[in-house]
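This report refers to the structure that appears directly beneath it.
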Amino acid sequence: MPRLTVTDPAAPDPVGPYSHAASGPGNVLYLSGQTPIDPATGALVDGGIDVQTERVFANLASVLEAAGRSFADVVKVNVYLIDMGDFAAMNSVYAGVFSVPYPARTTIAVAGLPLGARVEIELVAASATAH
């Protein structure tokens with residue numbers, strides 16, 4: 001089965017050679033990591049980790065919507081932080097996006113992220129019906 005991709009014109013342009021999301025067999029959608037880029041300006045949003053995390057989730061929501069999905073379809077989340085001191089503030093925003101039962105999640109501290117972002121988040125979504 002060929003790779004199917006999602007390009008969301010409302011999301012920030014990719015900063016490299018990748019698609020916003022791609023799917024293959026099994027109705028699973030893999031979303032590329034999103035950073036806190038404002039799609040209107042192409043620049044990182046100003047503000048702390050809470051503001052950056054909110055922008056990341058807005059970007060992810062846009063890609064999910066373009067693919068006919070929502071946060072309810074998310075089964076796995078990978079969070080990348082440049083400072084684990086930001087964990088609690090990121091987690092507070094995260095808790096407002098997802099509800100019980102929560103998706104599986106991994107949070108990793110990294111040395112750096114594209115464009116100087118403090119947070120990047122990627123998702124895996126699956127749903128019972130084909131899109």
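A few remarks follow.
- Residue pairs whose Cβ atoms lie under 8 Å apart, separated by 6 or more positions or on different chains, with the first residue in region 21-50 and of a type outside the set (A, V, I, L, M, F, W, C) and part of a helix (DSSP H, G or I) and the second modelled with pLDDT of 95 or more and surrounded by 14 or more Cβ atoms within 10 Å (Cβ to Cβ), are Asp50/Ala89; Asp50/Met90; Asp50/Val93.
- Filtered residues of region 66-102 (kept if over 15 Å from Val119 (Cβ atoms), part of a helix (DSSP H, G or I) and in contact (Cβ under 8 Å) with a residue 24 or more places away in the chain): Ala66, Phe71, Asp73
- Residue count for region 1-50 under the criterion of being among the β-branched types (Val, Ile, Thr) and surrounded by 15 or more Cβ atoms within 10 Å (Cβ to Cβ): the result is 6.
- Checked against (1) surrounded by fewer than 13 Cβ atoms within 10 Å (Cβ to Cβ); (2) of a type outside the set (Lys, Arg); (3) touching a Pro at 6+ places or on another chain (Cβ under 7 Å), Val77 passes all but a single condition, namely (1).
- Matching residues in region 103-131 - criterion: being part of a strand (DSSP E or B) and either at pLDDT below 95 or out of contact with any strand residue (DSSP E or B) (no Cβ under 6 Å at 6 or more places or on another chain) (or both): Ala126
- All told, Ser23 falls short of being modelled with pLDDT under 95 and touching a Lys or Arg at 6+ places or on another chain (Cβ under 7 Å).
The values are calculated or read from the model by the stated rules, or taken from the named source; none is laboratory data. All values derive from a computational prediction rather than experimental measurement. Note that each Cβ is placed from the backbone with ideal geometry, even for glycine, and that neighbours are counted across all protein chains shown.
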